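Student: First the structure, which I've put down as structure tokens, then a few questions once you've had a look.
The values are calculated or read from the model by the stated rules, or taken from the named source; none is laboratory data. From a predicted model like this one, the values you see are computed outputs, not experimental measurements. Note that we place each Cβ from the backbone using ideal geometry, even for glycine, and neighbour counts take in every protein chain shown.
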Amino acid sequence: MSIENLKPETLALHGGTYRSDSATGAVAVPIYQTTSYQFRDTDHADKLFSLDEDGHIYTRVSNPTQDAFEQRLAALEGGAAALAVASGQTASAYSILNLAGAGDNVVSATDLYGGTWALFAATLKHFGVEVRFVDPSDPENFRRATDERTKAYYAESLPNPKLNVFPIREVADIGRELGVPLIVDNTAAPLIIRPLEHGAAAVVYSATKYIGGHGTSIGGAIVDGGNFPWEEHAERFPTLNQPDPSYHGKVWVEAAKPLGPVAYVLRARTVLLRDVGAAISPFNAFQLIQGLETLPLRIRQHNENAVKVAEYLQGHPKVSKVIFPRYATGEEKRRAEAYLKPGSYGALLGFELKGGREAGRGFINALQLFYHVANIGDARSLAIHPSTTTHSQLSEEDQLATGVTPGYVRLSIGIEDADDLIRDLSQALEQA
């Protein structure tokens with residue numbers, strides 16, 4: 001049976017090469033809680049270190065539990081290969097640093113999670129990498145901000161917290177024309193948006209969120225689409241096309257050829273993960289596999305509940321606006337219809353309280369069922385007031401650029417009974 005013909009519900013359980021443990025026959029992926037791996041002999045060790053043979057050397061770089069998770073996620077996303085890392089922030093940082101160095105730049109959409117904005121606007125600057133923020137409502141803004149030192153475009157497919165679907169195909173096409181890959185953070189929309197099918201070169205995830213779903217384990221991932229012609233743009237991408245002094249002079253586009261079109265993720269593993277070391281633990285990789293297996297079922301319930309909650313909020317007298325793809329109009333509606341799986345809207349929604357900041361704080365403090373936490377994608381329903389929490393480190397101007405206003409509240413709708421959620425929202429709104 002060809003894996004290409006399997007549906008997401010099946011791939012979530014059977015994707016990748018793992019069928020059972022070769023030593024014990026265990027069907028569940030074991031937790032290989034080890035730091036290192038026995039070499040058969042010195043020739044075997046030499047082949048592993050020179051990448052002439054596939055295998056594990058040290059868990060900072062790879063691990064069998066991690067490998068099973070990576071293969072399954074790559075299959076589910078339609079990618080060539082994946083790399084699991086310690087967190088979503090690690091995935092975002094590595095996805096850029098894999099291509100860009102001092103003097104280079106990246107063009108990013110303004111519509112970003114606050115933590116990513118801080119990473120791009122401040123921390124990457126210390127590495128000499130400039131991030132140029134542009135309004136994604138006009139895809140041509142990416143072209144206008146591009147020059148010969150631009151290494152990537154970056155965006156969130158369903159931006160948190162702004163929730164306007166990103167024009168993936170339009171920006172990816174501009175990038176292909178200019179030789180610039182589009183990297184898409186798909187954390188908020190697994191399964192319901194397929195960035196690689198619309199031209200993205202790579203996808204990043206905070207696997208902590210919907211992929212895990214249980215709120216117990218931090219992890220991130222980079223999925224290499226295997227679809228970007230790195231060799232055709234050798235001058236723009238020296239990290240992949242020139243000898244790497246940190247690894248015996250390897251040229252990554254050449255080293256990857258026996259493995260497939262995976263030069264991008266191969267370098268991220270063998271250089272960034274090896275040298276910087278933000279590795280995922282085997283236990284967390286195991287936990288994320290458990291979440292991945294039920295992801296298609298949970299996404300459906302998340303979505304159904306979110307629609308019911310959005311409908312309730314839309315008619316509430318204390319709510320001036322509901323931000324949810326279902327209520328998009330004009331160009332935003334066209335993009336939502338183009339990129340979201342039919343009938344899906346995601347499980348994130350935002351709304352604006354007429355009373356502003358104090359109403360937002362009062363609403364959050366009155367919630368009894370919703371958790372007030374800095375997270376999304378949990379099986380439990382979550383709520384946050386971004387201007388006083390996740391985005392508070394940003395200037396007021398930057399908060400507005402990312403879609404945060406003083407009265408804005410963001411909800412991550414879980415898989416509880418929708419009527420129970422609405423009752424909690426109702427009593428909290430009464431006190432806002």
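Student: I need a count of the residues in the stretch 189-222 that are aromatic (Phe, Trp, Tyr) and without any contact (Cβ under 8 Å) to a residue 60 or more places away in the chain.
Tutor: Total satisfying the criteria: 0.
Student: Could you list, in sequence order, the residues of the stretch 187-236 that are buried (at least 24 other Cβ atoms within 10 Å of the Cβ) and more than 16 Å from the chain's Cα centre (by Cα)?
Tutor: 228
Student: Would you confirm whether or not the stretch 49-66 contains a residue that is outside any loop (DSSP other than H, G, I, E, B), at pLDDT below 95 and over 23 Å from residue 295 (Cβ atoms)?
Tutor: Within the stretch 49-66, one or more residues are outside any loop (DSSP other than H, G, I, E, B), at pLDDT below 95 and over 23 Å from residue 295 (Cβ atoms).
Student: Residue under question is residue 289, and the condition is that it be part of a loop (DSSP other than H, G, I, E, B) and buried (at least 21 other Cβ atoms within 10 Å of the Cβ); does it hold?
Tutor: no
Student: If you don't mind, there's one more thing I want to ask. If residue 75 meets every condition in (1) assigned to a helix (DSSP H, G or I); (2) more than 14 Å from the chain's Cα centre (by Cα); (3) crowded, with 24+ Cβ neighbours inside 10 Å apart from one, which number is that one?
Tutor: Looking at each condition in turn, residue 75 falls short on (3).
Student: Tell me the residue from 279, 306 that is touching a Leu at 6+ places or on another chain (Cβ under 7 Å), at pLDDT 95 or above and not in a helix (DSSP H, G or I), please.
Tutor: 279
Student: Output the qualifying pairs, or none if there are none: Cβ atoms under 8 angstrom, residues six or more apart or on different chains, first residue in the stretch 410-426 and in contact (Cβ under 8 Å) with a residue 24 or more places away in the chain, second residue in a loop (DSSP other than H, G, I, E, B) and among the charged types (D, E, K, R).
Tutor: 412/378; 414/378; 414/380; 416/380
Student: Could I ask something else about it? If I filter the stretch 45-66 down to residues being within 21 Å of residue 17 (Cβ to Cβ) and without any contact (Cβ under 8 Å) to a residue 12 or more places away in the chain, which single residue comes out as surrounded by the most Cβ atoms within 10 Å (Cβ to Cβ)?
Tutor: Filtering first and then ranking leaves 48.
Student: When only residues in the stretch 29-44 that are surrounded by 13 or more Cβ atoms within 10 Å (Cβ to Cβ) and within 29 Å of the chain's Cα centre (by Cα) count, which is farthest from residue 294 (Cα to Cα)?
Tutor: This residue is 34.
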